[in-house]
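Shown next, in structure tokens, is the structure this report addresses.
The values are calculated or read from the model by the stated rules, or taken from the named source; none is laboratory data. This one's a predicted model, so the numbers in the text were calculated from it and none came from an experiment. Don't worry about glycine lacking a Cβ; one is built from the backbone with ideal geometry, like all the others, and counts go over all protein chains shown.
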There are 2 protein chains.
Amino acid sequence: MNLKQLSQMLGLSQTTVSRALNGYPEVNRETRERVLQAVRETGYRPNKAAQRLATGKAGSLGLVMPTAPGHPSDVHFGEFLTGLGEEALRHDFHFVITPADPNDEVGALRRLAISGNVDALFVAYMRGHDPRLDMLKSLSIPFVVHGRSIGSEPDYPYLDIDNEAAFYDATKLLLQLGHRRFAVMNGPEHLDFAIRRKMGVSAALAERGLTLDEACVTHTAMTDEQGLFAMERFLQLPERPTAILCSSTVLALGAIRIINQAGLKLGEDISLIAHDDVLPLLKPENFSVPLTTTRSPLRAAGVRIAERLIGQIKDLGSYPEQELWKAELIVRASTGAAPAG
Amino acid sequence: MNLKQLSQMLGLSQTTVSRALNGYPEVNRETRERVLQAVRETGYRPNKAAQRLATGKAGSLGLVMPTAPGHPSDVHFGEFLTGLGEEALRHDFHFVITPADPNDEVGALRRLAISGNVDALFVAYMRGHDPRLDMLKSLSIPFVVHGRSIGSEPDYPYLDIDNEAAFYDATKLLLQLGHRRFAVMNGPEHLDFAIRRKMGVSAALAERGLTLDEACVTHTAMTDEQGLFAMERFLQLPERPTAILCSSTVLALGAIRIINQAGLKLGEDISLIAHDDVLPLLKPENFSVPLTTTRSPLRAAGVRIAERLIGQIKDLGSYPEQELWKAELIVRASTGAAPAG
DNA sequence: AACGTCTTCCAAAGCGCTTTAAAATATGTA
DNA sequence: TACATATTTTAAAGCGCTTTGGAAGACGTT
């Protein structure tokens, strides 16, 4: 069933039917009712491709998903997408997701942008001086970045959390509790959030004349296994750290396992603060020792980014181009006074 | 830059350029080279909407993602999609994901199917007698189901793991270890995999004249928190179960926390077997007591489903319509002989 | 020279929609 | 009644691609 058939059935022109469907004013009330009724009866749905070709609007947001055999999937992806979807649903938008070779994300993004398949793009996992930014700026398609790219002019639209402040505050808290030996279990080295979190830690330490030893920093994928490896390494250090900052609750999970195995008490022998993206899967308050966290719901970021993207496409008023959200520092039992000595 | 401009630039007709691009034989070698070169220089990419309209092929797989405020995201989604993507990438396919009100998945799926936006559909999280099946069968778009729908004629294309056999085998192992009091921490009640897993447990028990007490079964979302609640409940039972079958390693995570808190030893006082979808996030072999699991990589299922879907679209030969994969039973330390008494 | 056969290219139609420009009809006013 | 003005409808063009049905030219054969 297409427009032509539908309009013939109704004895109307395609124009009129199209207008009735799209809410144009210049169509008689009765006629519109008749059209709508016919649509209900036939289950007619306009062909999206044709609509897109005619209007240039696709009703879709595009994103690139890196994938390859052995390339680990991202725990956060589902939760973030659910947030995007919450808002997209309200506007009848959908997503076009292009799988991409992890080494060719820029190319994949570019092809997606000029394919005419999407109205706007979303990118995340920004690196320092991210090459995708120049590409995106050169195109004339709306986009919003989740995160930022250190080393690039901050003249692009983004939504980020203040990673540096979050980890600065967290470190500050640990310093006040008397800790002096710090370690950081961070995300992949080249990623902006990892860079800024480390900066936050270093800045807080510097205020007390302390420096962060590189031996006390790991950069890994955020899985329980990596948390486990990192913690094993920290515990073997001659000057064992008493305060751990952790870029994810999943990493913390592995770390805590090792802490327990070593017979150490979390919140007494070792304090730990993790960043919490508020994944439904893992609640820091339910850890056997509830976790002190820097909290910022990933899903809310998804909702907001969809809102901005769709708002821009539909011209629903203007939004701030740059947003920096504060993370909440939530103190629970995994942080305590530094052990004596 | 579109076809028209490109062909004018080259002094060729659109037909010839189109054919050169799509690998048709009736175009001179030199001419083709010239076209390809121009494409490289200009960065021309055909408009997907136009291509789709002209060919009826979209180069995309469609899926529906339920989402609503408060509706938890799915941990497995990212991993499965990564698998789909692995294969899709090889064929230059992308995904169209429609967010949907959890109460209107059937409608959303139907709209997606007839939007002309996708060449094939994928559905998962099948329920008993799933209403999506009839809808899909009535349409003439290829689809593959991940899982099955108990209570429906098994005449639709699916890929499932043998959940019943997996949990039957797991139960059998525990029986051999002398366990007599069983509990099951399962996924949501209406889902096919949950139903079948419970059937597997019951069947094995029945062979020994045992029955599964409903008080020893929970049906919940698969988060650590729910695992925790469920285990708390089991421990309060007058006849405490000594053997737990668990539909997910994430649930197991919460359960084990409670087991530890209660001062019980996993693999001694209580044995536990969990189903492992092989998520990068959580490795059962790294649990402080390594977990015995029924193992079946979710990602592999994703790859295979994409393979079948794309194969069907591109007519790359035939695939079995129904596939039932065996899960591996991997014995680790979380299972041991039943405690005396 | 005339013919058939390949090879290589092209004009134009068509995919299903939106939208422009104009026509047909209804309504109001002098 | 005649005309101007709103209201409602339509024919046709166009979005950017693929594909059908030829046409033009090169080549070999008789």
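When you check A:A88 against the structure, is it under 17 Å from the mean Cα position of the chain (by Cα) and within 30 Å of A:D276 (Cβ to Cβ), yes or no? Write out each step before concluding.
Values: under 17 Å from the mean Cα position of the chain (by Cα): yes; within 30 Å of A:D276 (Cβ to Cβ): yes.
When the stated conditions are applied, A:A88 passes them.
Note on segment B:313-341: residues that are surrounded by 15 or more Cβ atoms within 10 Å (Cβ to Cβ) and modelled with pLDDT under 95 amount to 2. I'm trying to understand the selection: among the residues of segment A:247-274, which are among the small types (G, A, S) and in a loop (DSSP other than H, G, I, E, B)? A:S247, A:S248, A:A262, A:G263, A:G267 - these are the residues of segment A:247-274 that are among the small types (G, A, S) and in a loop (DSSP other than H, G, I, E, B).
Residue under question is B:G43, and the condition is that it be more than 17 Å from B:T15 (Cα to Cα), within 9 Å of another protein chain (Cβ to nearest Cβ) and touching a helix residue (DSSP H, G or I) at 6+ places or on another chain (Cβ under 9 Å); does it hold?
Taking the combined requirement at face value, the residue satisfies it.
Return yes when A:E164 is free of Cβ contacts under 8 Å to residues at least 60 places away in the same chain and in a helix (DSSP H, G or I) and no when it is not. Spelling it out, A:E164 is indeed free of Cβ contacts under 8 Å to residues at least 60 places away in the same chain and in a helix (DSSP H, G or I). In the set (1) within 16 Å of DNA strand C (Cβ to nearest atom); (2) in the same structural domain as A:R110 (by TED's automatic domain parsing), A:T82 fails one condition alone, (1). When segment A:184-220 is limited to residues that are outside any helix (DSSP H, G or I) and more than 22 Å from the chain's Cα centre (by Cα), the one that is nearest to the other protein chains (Cβ to nearest Cβ) turns out to be A:V217.
For (1) in contact with an Asp or Glu (Cβ under 7 Å, 6 or more places away or on another chain); (2) within 15 Å of DNA strand D (Cβ to nearest atom); (3) not charged (D, E, K, R), each residue gets a yes or a no:
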{"position": "B:R40", "(1), (2), (3)": "no, no, no"}
{"position": "B:R52", "(1), (2), (3)": "no, yes, no"}
{"position": "B:A58", "(1), (2), (3)": "yes, yes, yes"}
{"position": "B:L81", "(1), (2), (3)": "no, no, yes"}
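Checking B:I244, B:I150 one by one, the residue that is β-branched (V, I, T), without any contact (Cβ under 8 Å) to a residue 60 or more places away in the chain and either closer than 20 Å to B:V123 by Cα or not in a loop (DSSP other than H, G, I, E, B) (or both) is B:I150 and no other. Looking at (1) farther than 26 Å from B:A252 by Cα; (2) crowded, with 21+ Cβ neighbours inside 10 Å, which one does A:Q236 not meet, given that it meets all the others? (2) is the only condition that A:Q236 fails. Filtering B:T249, B:T223, B:T292 for residues that are more than 14 Å from chain A (Cβ to nearest Cβ) and buried (at least 17 other Cβ atoms within 10 Å of the Cβ) leaves a single hit, B:T292. Need pairs with beta-carbon distance below 9 Å; first residue closer than 19 Å to B:L139 by Cβ and within segment A:1-15, second assigned to a helix (DSSP H, G or I) and near DNA strand D (Cβ under 8 Å from one of its atoms); sequence gap 6+ or separate chains. That search, which allows pairs on different chains as well, returns A:N2/A:A50; A:L6/A:Q14; A:L6/A:V17.
Conditions tested, residue by residue: (1) surrounded by fewer than 21 Cβ atoms within 10 Å (Cβ to Cβ); (2) touching a Lys or Arg at 6+ places or on another chain (Cβ under 9 Å); (3) not assigned by TED's automatic domain parsing to the domain that holds B:E105.
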{"residue": "B:M135", "(1), (2), (3)": "yes, yes, no"}
{"residue": "B:V145", "(1), (2), (3)": "no, yes, no"}
{"residue": "B:R148", "(1), (2), (3)": "no, yes, no"}
{"residue": "B:L177", "(1), (2), (3)": "yes, no, yes"}
{"residue": "B:R196", "(1), (2), (3)": "no, yes, yes"}
{"residue": "B:E207", "(1), (2), (3)": "yes, yes, yes"}
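Return the residues of segment A:5-24 that are of a type outside the set (D, E, K, R), part of a helix (DSSP H, G or I) and near DNA strand D (Cβ under 10 Å from one of its atoms); say none if nothing qualifies. Matches in segment A:5-24: A:S7, A:L10, A:Q14, A:T15, A:T16, A:V17, A:S18, A:A20.
For segment A:101-110, the condition holds for at least one residue, the condition being that it is within 21 Å of B:A58 (Cβ to Cβ) and among the charged types (D, E, K, R). Among the residues of segment B:52-75, is any acidic (D, E) and either within 30 Å of B:I97 (Cα to Cα) or within 13 Å of DNA strand C (Cβ to nearest atom) (or both)? Yes, segment B:52-75 contains at least one residue that is acidic (D, E) and either within 30 Å of B:I97 (Cα to Cα) or within 13 Å of DNA strand C (Cβ to nearest atom) (or both). Every listed requirement among (1) closer than 20 Å to B:E239 by Cα; (2) assigned to a loop (DSSP other than H, G, I, E, B); (3) of a type in the set (S, T, N, Q) is met by B:T171 save one, (2). Inspect all residues belonging to segment A:75-90 and state whether any of them is surrounded by fewer than 22 Cβ atoms within 10 Å (Cβ to Cβ) and assigned to a loop (DSSP other than H, G, I, E, B). No, because not a single residue in segment A:75-90 is surrounded by fewer than 22 Cβ atoms within 10 Å (Cβ to Cβ) and assigned to a loop (DSSP other than H, G, I, E, B). Note on segment A:127-139: residues that are within 14 Å of chain B (Cβ to nearest Cβ) and in contact (Cβ under 8 Å) with a residue 24 or more places away in the chain total 2.
If the condition is being more than 16 Å from DNA strand C (Cβ to nearest atom) and in a helix (DSSP H, G or I), then segment B:25-51 contributes B:R40, B:E41, B:T42.
Residue by residue, here is whether (1) among the acidic types (D, E); (2) exposed (fewer than 13 other Cβ atoms within 10 Å of the Cβ); (3) out of contact with any strand residue (DSSP E or B) (no Cβ under 9 Å at 6 or more places or on another chain) holds:
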{"position": "A:V17", "(1), (2), (3)": "no, no, yes"}
{"position": "A:E30", "(1), (2), (3)": "yes, yes, yes"}
{"position": "A:L36", "(1), (2), (3)": "no, yes, yes"}
{"position": "A:E41", "(1), (2), (3)": "yes, yes, yes"}
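Checking the stated criteria, B:N22 turns out to be more than 11 Å from every other protein chain (Cβ to nearest Cβ), more than 8 Å from DNA strand C (Cβ to nearest atom), at pLDDT below 95 and within 18 Å of A:R111 (Cβ to Cβ).
Selection within segment A:80-126: residues that are at the interface with another protein chain (Cβ under 7 Å from one of its Cβ atoms) and among the charged types (D, E, K, R). The member of this set that is nearest to A:K137 (Cα to Cα) is A:R111. Total residues in segment B:247-302 satisfying the condition of being of a type in the set (V, I, T) and under 17 Å from the mean Cα position of the chain (by Cα): the figure is 4. Within segment B:218-259, being aromatic (F, W, Y) and farther than 25 Å from B:A165 by Cα holds for one residue alone: B:F229.
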